[in-house]
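Here is the structure we will look at, set down as structure tokens.
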Amino acid sequence: MYRRIFVLPVLFFFFFPLKAATSLSFDFDWKFALGDYPESIQRDFDDSSWRILQLPHDWSIEGTYHPTENQTDWQSGYLPAGIGWYRKTFSFDDSWKNRKIRILFDGVYLNSSVWLNGHLLGKRPSGYISFEYDLTPYLQQGENVLTVKVDHSEPLSARWYTGSGIYRHVWLLVGHSVYVPTWGVYFTTPEVSVSKAISKIRTILRNDSKDPAKITLETILKTRDGKKVASARNEVSCSSGKQEEVIQQLEVDAPLLWSPQYPQIYLLETNLKDKNKLIDSRQMLVGIREASYSVKGFVLNGKALKIQGVCDHHTAGALGAAIPDQSLERRLKILKAMGCNAIRTAHNPYAPEFYTMCDTLGFIVMNEAFDGWEKPKAIHDYGNYFKEWWKKDLTDFILRDRNHPCVFFWSIGNEVSKGSPETQQKLVSLIHSLDPGRPVTQGGTDPTRGMTTDYDKNFRSLDLVGFNGNGEEVGEFEKFHQLRPDKYGVGTEVPHTYQTRGVYRTKTAWRRRDFPAPWELKTPIPWDEFKHRVFEIPDLSENEVFPEESEYPYYQSSYDNASVRISARKSWQRTSSFPWLFGEFRWGSFDYLGEAEWPQRCGNFGIIDICGFPKDHYYLYQSLWSEKPMVHLLPHWTHQGKEGVSIPVVVYTNCESVELFLNNKSLGEQIYTGEQLVWQVPYESGEIKAVARNNRQTVAQKSYCTAGKANKISMQADRPMVRANRKDVVHFEIDIMDAKGNMCPMASNDIRFIITGPARLIAVDNGDPVDVSPYKIPQRKAFRGKAFLIVQTTGESGTITVKAVSEGLKPAEVKLVSLSD
């Protein structure tokens, strides 16, 4: 077991919890087995043949894809589910005598049952919410056995890939019998200005001892460099078996205000003392900010702000649901570099570390509790448990996350099937009682999303109206604002567009017309009856320039011309034009497993592929959402056999003008007016280059050179040094190159990886939506010239060597240093 240390991105805080109240990592050395064992195995069972592993763990991602044998489907992703058992044997520590020992699970998917030494601690059906049990009554001297059953035997449990197992961190909490319960501190800032902020802190004290206690509660607010800026101290009497709420107030002069651009954070320290002896201590990050919401717009700290957001699922491609902290951080930094400032957690609570990273990196979070309510949307989903569990799960969710400065909005559902205004009101009322300062919304509130035929009732209880697919349709925003000029909203799922990295088609494709989804096939609408609802996307050529891509029907064009109702650029133009619309959360961020028909493993909704490699849409959004001068052009410039064919060359930029060159010859300069720039360029091999200028000065440029025959492998690691802690990971980007160092954009070479030293392979991938090869073997074909590898350190220090080899290509090798933790 290891003392819990939060390692945060950007300017890190290192939290060493005090010995009086210790939080220990409980992730290592679990035993695991798949199968429907009798529940009697939770004690007196020989598990010596079981596999030893560390958490987080997702057993489904270790399985093999199959269209029918796994009993999962196109929504849940064709990987196996089933029942898994975890057992951990640990010794009683003498320092635990007269202490309160609890265990905190950050998330288990799903239907978990937990025993300690044969005693059932409890069950939890939700696969997403954190939960805690008291171990104290059942601990024994010597060895103890903790057993967890994870029942995912009814596998159609969501409309996306979920993962299976104890897929988030587990913590052992060692504390005093008089303590602050988990999530027992509530930090708010009722008054905020540039000169002063008033914060109110509500702290719960619980006394589980046999005697009354008189305790000193000390609360200290510090800057990230440790400087104390405010404090409060109260003497509290707490009866045995009772809990007390203490309200304190702090005044902060010239507060550092949190925003996505400047994510200023403070450390709130809560100490309990008994006669000056420290008995409990906890630290958490908080932020000070002032937000207002009206039909005039969203205002943060006195400045208007548009939400430049994405919808994100909780999984991470080849890692499944078990995501190392550094892999999660990598994903967030990719989004940040694009100009993204907001994330919607579609459609469930995320891991606690996600919110901490959003606090420190600077993301606004729309925190979503549920996909649906009473009626299941997938036949085995949470709708089967909603009536019994919604209040407990929603309460724990709000209490857990309400102190994060990144959380601005709560969402209570997504395109709820047959949802009622009465249930909506219950959910909103509970959230308002627990956290009155944040608005509540819901993804998709129009009548087509299954609520009622009374348009007004669909958003009567909501503070903020959410628009999903209907927000992409011609005239929908105008119609809504005319009907309810007093209401403000946000695009909770707008727009829906498609791309496959490296694939290009010049003719516009509409999903309903050209590649209909399964639900559209069930309720077909003739295109002539539907097309008046979409925003036209003109073809880039009269005849298809890349007809050879029709061989791959599951791939979509990386021009901005494959969509459901609207292009990405047109959607943002509209979003920007309505003050009452706070912004948009586009669908989606990264490609994700599930919601894709066989032989696909993932759809093409993302602006970033499933490996984390940006698609061309990434740069379109960067041109719309970021201020740093940039330019991007597409497609690549390796098109043997198309000599003389006119190819549409598209440029994205946020600069004043762009000049295009082919083999150093100018093809003309165009002024940027908010639209994509397009040149029709007869193809010839060589170099194509876009030069962006501000005030006639070159500020950014991008070029491609025609690639020759594949000659070698290039491999880049995202860090040169790691810690030998069994947690650190390294991400490798692999490219197939020609002899001159140009990436070969159509290469599909089979690559084998050789790893030596103190590290293990945890994932391989390539971004191909229809490649269903296993993720845990050391080889992968390149897709459109690229592949991806993730390795994780062991507990030993030394040199890690990773080599990539492929027949006929020069190999690549990277050496890393793993240092003692």
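Rundown of residues vs (1) assigned to a loop (DSSP other than H, G, I, E, B); (2) open to solvent by 10 Å² or more (accessible area, probe 1.4 Å); (3) more than 16 Å from Lys273 (Cα to Cα), yes/no style:
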{"position": "Arg159", "(1), (2), (3)": "yes, yes, yes"}
{"position": "Tyr167", "(1), (2), (3)": "yes, no, yes"}
{"position": "Pro181", "(1), (2), (3)": "yes, yes, no"}
{"position": "Thr189", "(1), (2), (3)": "no, yes, yes"}
{"position": "Val194", "(1), (2), (3)": "yes, yes, yes"}
{"position": "Ala197", "(1), (2), (3)": "no, no, yes"}
{"position": "Lys200", "(1), (2), (3)": "no, yes, yes"}
{"position": "Arg206", "(1), (2), (3)": "no, yes, no"}
{"position": "Ser209", "(1), (2), (3)": "yes, yes, no"}
Margin query: Consider the stretch 654-685. How many of its residues are within 20 Å of Pro538 (Cβ to Cβ) and among the polar types (S, T, N, Q)?
Written below: 4
Notebook entry, point to check: What are the pairs, 6+ residues apart or on separate chains, where a residue within the stretch 734-756 that is hydroxyl-bearing (Ser, Thr, Tyr) has its Cβ under 6 Å from a residue that is crowded, with 20+ Cβ neighbours inside 10 Å and modelled with pLDDT of 95 or more?
Noted result: Ser748/Ala782
Checklist line | Residue list for the stretch 641-660, filter: out of contact with any helix residue (DSSP H, G or I) (no Cβ under 6 Å at 6 or more places or on another chain) and either open to solvent by less than 10 Å² (accessible area, probe 1.4 Å) or without any contact (Cβ under 8 Å) to a residue 40 or more places away in the chain (or both) | finding: Gly641, Ile647, Pro648, Val649, Val650, Val651, Cys655, Glu656, Ser657, Val658, Glu659, Leu660
Check: Residues in the stretch 558-581: is at least one closer than 30 Å to Thr64 by Cα, in contact with a strand residue (DSSP E or B) (Cβ under 8 Å, 6 or more places away or on another chain), touching a residue at least 60 places away in the same chain (Cβ under 8 Å) and not in a strand (DSSP E or B)?
Finding: yes
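How about the stretch 789-821: which of its residues are outside any strand (DSSP E or B) and over 23 Å from Met737 (Cα atoms)?
Passing the criteria: Thr794, Gly795, Glu796, Ser797, Asp821.
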Next item on the list: Would you please list the contacts, defined by Cβ atoms under 6 Å and residues six or more apart or on different chains, that run from a residue in the stretch 669-693 that is within 10 Å of Asn654 (Cα to Cα) to a residue that is open to solvent by 50 Å² or more (accessible area, probe 1.4 Å) and aliphatic (A, V, I, L, M)?
Entry: Ala692/Val699
Next item on the list: Look through Pro38, Pro9 and report the one residue that is open to solvent by less than 40 Å² (accessible area, probe 1.4 Å), at pLDDT below 95 and more than 22 Å from Pro774 (Cβ to Cβ).
Entry: Pro9
Next item on the list: Please identify the pairs in which a residue from the stretch 792-816 that is under 29 Å from Ser748 (Cα atoms) and without any contact (Cβ under 8 Å) to a residue 40 or more places away in the chain has its Cβ atom under 7 Å from the Cβ atom of a residue that is open to solvent by 70 Å² or more (accessible area, probe 1.4 Å) and outside any strand (DSSP E or B), counting only partners at least 6 apart or on another chain.
Entry: none
Check: Got at least one residue in the stretch 442-459 being at pLDDT 85 or above, part of a loop (DSSP other than H, G, I, E, B) and either of a type outside the set (Val, Ile, Thr) or under 26 Å from the mean Cα position of the chain (by Cα) (or both)?
Finding: no
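Quick one: in the stretch 671-681, of everything that is in contact with an Asp or Glu (Cβ under 8 Å, 6 or more places away or on another chain) and of a type outside the set (A, V, I, L, M), which residue is most open to solvent (accessible area, probe 1.4 Å)? Explain how you work it out, then say what you get.
Filtering the stretch 671-681 for residues in contact with an Asp or Glu (Cβ under 8 Å, 6 or more places away or on another chain) gives 671-672, 676.
The next check asks that each one be of a type outside the set (A, V, I, L, M); those that pass are 672, 676.
Values: Tyr672: 55, Gln676: 37 Å².
Top of the filtered list is Tyr672.
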Next item on the list: Could you please find all residues in the stretch 775-788 being surrounded by fewer than 23 Cβ atoms within 10 Å (Cβ to Cβ) and either part of a strand (DSSP E or B) or within 23 Å of the chain's Cα centre (by Cα) (or both)?
Entry: Tyr775, Lys776, Gln779, Lys781
Item checked: When residues of the stretch 421-432 are limited to those that are touching a residue at least 40 places away in the same chain (Cβ under 8 Å) and either closer than 14 Å to Tyr128 by Cα or open to solvent by less than 20 Å² (accessible area, probe 1.4 Å) (or both), the one farthest from the chain's Cα centre (by Cα) -> Thr423
Notebook entry, point to check: Of all strands (runs of 3 or more DSSP E) completely enclosed by the stretch 41-112, which ones contain at least 3 residues that are of a type outside the set (A, V, I, L, M)?
Noted result: 82-91, 100-105
Item checked: Output for the stretch 593-627, where each listed residue is open to solvent by less than 10 Å² (accessible area, probe 1.4 Å) and of a type in the set (Phe, Trp, Tyr) -> Phe613, Tyr621
Note to self: For a quick check of your reading of the model, give me the residue pairs whose first member lies in the stretch 703-714 and is in contact (Cβ under 8 Å) with a residue 40 or more places away in the chain, whose second is of a type in the set (S, T, N, Q) and open to solvent by 50 Å² or more (accessible area, probe 1.4 Å), with beta-carbon atoms closer than 7 Å and at least 6 apart or on different chains.
What the structure shows: Thr706/Ser685
Item checked: Residue list for the stretch 488-533, restricted to those being part of a loop (DSSP other than H, G, I, E, B) and either open to solvent by 30 Å² or more (accessible area, probe 1.4 Å) or small (Gly, Ala, Ser) (or both) -> Tyr488, Gly502, Arg505, Lys507, Phe515, Pro516, Ala517, Thr523, Pro524, Ile525, Pro526
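Yes or no: Gly795 in contact with a Lys or Arg (Cβ under 6 Å, 6 or more places away or on another chain) and modelled with pLDDT of 95 or more?
yes
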Margin query: Give me the residue from the stretch 216-225 that is open to solvent by 10 Å² or more (accessible area, probe 1.4 Å), under 38 Å from the mean Cα position of the chain (by Cα) and in contact (Cβ under 8 Å) with a residue 40 or more places away in the chain and, out of that set, farthest from Gln248 (Cα to Cα).
Written below: Arg224
Notebook entry, point to check: Limited to the stretch 742-759, what total is found for residues that are open to solvent by 30 Å² or more (accessible area, probe 1.4 Å), over 23 Å from Gly641 (Cβ atoms) and not β-branched (Val, Ile, Thr)?
Noted result: 3
Check: Could you say which residue among Ser199, Ser177, Ser130, Ser195 is among the polar types (S, T, N, Q) and farther than 26 Å from Tyr266 by Cα?
Finding: Ser177
Check: If Ile762 satisfies every condition in (1) buried (at least 17 other Cβ atoms within 10 Å of the Cβ); (2) without any contact (Cβ under 8 Å) to a residue 40 or more places away in the chain; (3) not aromatic (Phe, Trp, Tyr) but one, which is the exception?
Finding: (2)
Check: For Arg601, which of the numbered conditions (1) under 25 Å from Ile323 (Cα atoms); (2) modelled with pLDDT under 95 fails to hold?
Finding: (2)
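The values are calculated or read from the model by the stated rules, or taken from the named source; none is laboratory data. Quantities reported herein were computed from a predicted structural model and do not represent experimental measurements. Note that we place each Cβ from the backbone using ideal geometry, even for glycine, and neighbour counts take in every protein chain shown. When the accessible area is computed, the model is the full protein with side chains, heavy atoms only, and any ligands, DNA or RNA have been set aside. Shrake-Rupley method; radii C 1.70, N 1.55, O 1.52, S 1.80 Å.
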